[in-house]
Amino acid sequence: QVQLVESGGGLVQPGGSLRLSCAASGSRFSINAMGWYLQAPGKQRELVATITGSSSPNYADSVKGRFTISRDIAKNTVYLQMNSLKPDDTAVYYCNAGVETYPDYRHLAVWGQGTLVTVSS
(Lines give C-alpha, C1' and ligand atoms only; values in the text may rest on other atoms or scores of the structure.)
Protein backbone atom coordinates (compact mmCIF):
# COMPACT_ATOMS: atom_id res chain seq x y z
CA GLN A 1 0.00 0.00 0.00
CA VAL A 2 1.28 3.45 -0.92
CA GLN A 3 0.66 6.44 1.31
CA LEU A 4 1.23 10.15 0.81
CA VAL A 5 1.90 12.40 3.80
CA GLU A 6 1.78 16.17 3.42
CA SER A 7 3.37 18.73 5.72
CA GLY A 8 4.14 22.44 5.81
CA GLY A 9 0.71 24.04 5.99
CA GLY A 10 -0.19 26.73 8.47
CA LEU A 11 -1.16 30.35 8.97
CA VAL A 12 0.66 33.02 7.00
CA GLN A 13 0.07 36.72 6.37
CA PRO A 14 -0.77 38.01 2.90
CA GLY A 15 2.41 38.35 0.86
CA GLY A 16 4.13 35.65 2.85
CA SER A 17 5.51 32.27 1.82
CA LEU A 18 5.05 28.62 2.71
CA ARG A 19 6.62 25.42 1.48
CA LEU A 20 4.55 22.25 1.33
CA SER A 21 6.07 18.80 1.20
CA CYS A 22 4.54 15.45 0.29
CA ALA A 23 6.39 12.19 0.79
CA ALA A 24 5.32 8.82 -0.58
CA SER A 25 5.95 5.66 1.40
CA GLY A 26 5.26 1.98 0.90
CA SER A 27 6.87 -0.86 -0.95
CA ARG A 28 7.14 -2.12 -4.51
CA PHE A 29 5.93 0.93 -6.35
CA SER A 30 7.05 3.66 -8.69
CA ILE A 31 5.63 7.12 -9.16
CA ASN A 32 4.90 8.86 -12.42
CA ALA A 33 3.36 12.33 -12.22
CA MET A 34 2.73 14.10 -8.93
CA GLY A 35 0.69 17.15 -8.19
CA TRP A 36 -0.97 19.52 -5.79
CA TYR A 37 -4.66 20.37 -5.63
CA LEU A 38 -6.60 22.70 -3.38
CA GLN A 39 -10.12 22.69 -2.02
CA ALA A 40 -11.52 25.88 -0.57
CA PRO A 41 -14.55 25.77 1.75
CA GLY A 42 -17.72 25.03 -0.17
CA LYS A 43 -15.88 24.56 -3.47
CA GLN A 44 -14.68 21.68 -5.60
CA ARG A 45 -11.11 20.43 -5.57
CA GLU A 46 -9.04 22.10 -8.26
CA LEU A 47 -5.60 21.76 -9.77
CA VAL A 48 -2.74 23.88 -8.48
CA ALA A 49 0.29 22.33 -10.18
CA THR A 50 1.56 19.04 -11.53
CA ILE A 51 4.99 17.70 -12.36
CA THR A 52 5.79 14.79 -14.67
CA GLY A 53 8.20 11.94 -14.15
CA SER A 54 10.77 13.96 -16.08
CA SER A 55 10.11 16.98 -13.80
CA SER A 56 8.20 19.05 -16.35
CA PRO A 57 5.84 21.37 -14.44
CA ASN A 58 2.36 22.65 -15.21
CA TYR A 59 0.52 25.37 -13.28
CA ALA A 60 -2.96 26.75 -12.88
CA ASP A 61 -3.14 30.30 -14.22
CA SER A 62 -3.98 31.60 -10.75
CA VAL A 63 -0.61 30.55 -9.32
CA LYS A 64 1.76 31.08 -12.25
CA GLY A 65 4.71 33.22 -11.21
CA ARG A 66 3.97 32.74 -7.50
CA PHE A 67 4.13 28.98 -6.89
CA THR A 68 6.86 26.52 -7.86
CA ILE A 69 6.46 22.75 -7.90
CA SER A 70 9.50 20.49 -7.70
CA ARG A 71 10.29 16.89 -6.85
CA ASP A 72 13.04 14.72 -5.43
CA ILE A 73 12.65 11.47 -7.31
CA ALA A 74 15.07 9.57 -5.09
CA LYS A 75 13.04 10.54 -2.01
CA ASN A 76 9.61 10.10 -3.69
CA THR A 77 8.81 13.61 -2.51
CA VAL A 78 7.13 16.57 -4.16
CA TYR A 79 7.29 20.16 -2.97
CA LEU A 80 5.21 23.28 -3.50
CA GLN A 81 6.92 26.59 -2.81
CA MET A 82 4.22 29.22 -2.42
CA ASN A 83 5.21 32.90 -2.52
CA SER A 84 3.20 36.12 -2.54
CA LEU A 85 0.31 34.34 -0.89
CA LYS A 86 -3.15 35.87 -1.06
CA PRO A 87 -6.24 35.32 1.10
CA ASP A 88 -7.82 33.57 -1.91
CA ASP A 89 -5.13 30.89 -1.62
CA THR A 90 -6.68 29.76 1.66
CA ALA A 91 -7.66 26.11 1.28
CA VAL A 92 -6.80 22.54 2.14
CA TYR A 93 -3.98 21.46 -0.15
CA TYR A 94 -3.87 17.84 -1.27
CA CYS A 95 -0.99 15.91 -2.76
CA ASN A 96 -1.65 13.44 -5.57
CA ALA A 97 0.53 10.81 -7.21
CA GLY A 98 0.14 8.47 -10.15
CA VAL A 99 1.50 5.19 -8.82
CA GLU A 100 2.37 1.89 -10.45
CA THR A 101 2.61 -1.11 -8.12
CA TYR A 102 4.65 -4.27 -8.53
CA PRO A 103 4.48 -7.10 -9.40
CA ASP A 104 0.84 -6.69 -10.48
CA TYR A 105 1.44 -3.45 -12.47
CA ARG A 106 -1.67 -1.73 -11.15
CA HIS A 107 -2.03 1.98 -11.83
CA LEU A 108 -3.45 3.96 -8.93
CA ALA A 109 -4.22 7.58 -8.13
CA VAL A 110 -3.19 8.12 -4.53
CA TRP A 111 -4.18 11.12 -2.42
CA GLY A 112 -2.74 12.53 0.77
CA GLN A 113 -4.83 13.57 3.75
CA GLY A 114 -4.47 17.28 3.04
CA THR A 115 -2.81 20.17 4.81
CA LEU A 116 -4.54 23.45 5.66
CA VAL A 117 -3.12 26.72 4.40
CA THR A 118 -4.65 29.88 5.82
CA VAL A 119 -3.65 33.29 4.47
CA SER A 120 -4.87 36.02 6.76
CA SER A 121 -3.69 39.09 8.57
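Quick grid of which residues meet (1) in a loop (DSSP other than H, G, I, E, B); (2) of a type in the set (Val, Ile, Thr); (3) surrounded by fewer than 20 Cβ atoms within 10 Å (Cβ to Cβ); (4) touching a strand residue (DSSP E or B) at 6+ places or on another chain (Cβ under 7 Å):
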| site | (1), (2), (3), (4) |
| --- | --- |
| 34 | no, no, no, yes |
| 42 | yes, no, yes, no |
| 54 | yes, no, yes, no |
| 84 | yes, no, yes, no |
| 88 | no, no, yes, no |
| 98 | no, no, yes, yes |
| 109 | no, no, yes, yes |
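Listed by first and then second residue, the pairs with beta-carbon distance under 7 Å, at least 6 apart or on different chains, first residue in the stretch 33-62 and over 17 Å from residue 7 (Cα atoms) and touching a residue at least 40 places away in the same chain (Cβ under 8 Å), second open to solvent by 50 Å² or more (accessible area, probe 1.4 Å) and β-branched (Val, Ile, Thr), are 33/52.
Just one of the numbered conditions (1) of a type outside the set (D, E, K, R); (2) open to solvent by 50 Å² or more (accessible area, probe 1.4 Å); (3) not in a loop (DSSP other than H, G, I, E, B) is not true of residue 121: (3). Annotation note: Cβ proximity below 8 Å between a residue of the stretch 99-111 that is closer than 9 Å to residue 28 by Cβ and a residue that is among the aromatic types (Phe, Trp, Tyr) and at pLDDT 90 or above (sequence gap 6+ or interchain) occurs for 101/29; 102/29.
The values are calculated or read from the model by the stated rules, or taken from the named source; none is laboratory data. Computed from a predicted structure; not experimentally measured. Neighbour counts run over all protein chains shown; Cβ positions are idealised from the backbone, glycine included. We work out accessible area using only protein heavy atoms, side chains counted, and drop any ligands, DNA or RNA first. Shrake-Rupley method; radii C 1.70, N 1.55, O 1.52, S 1.80 Å.
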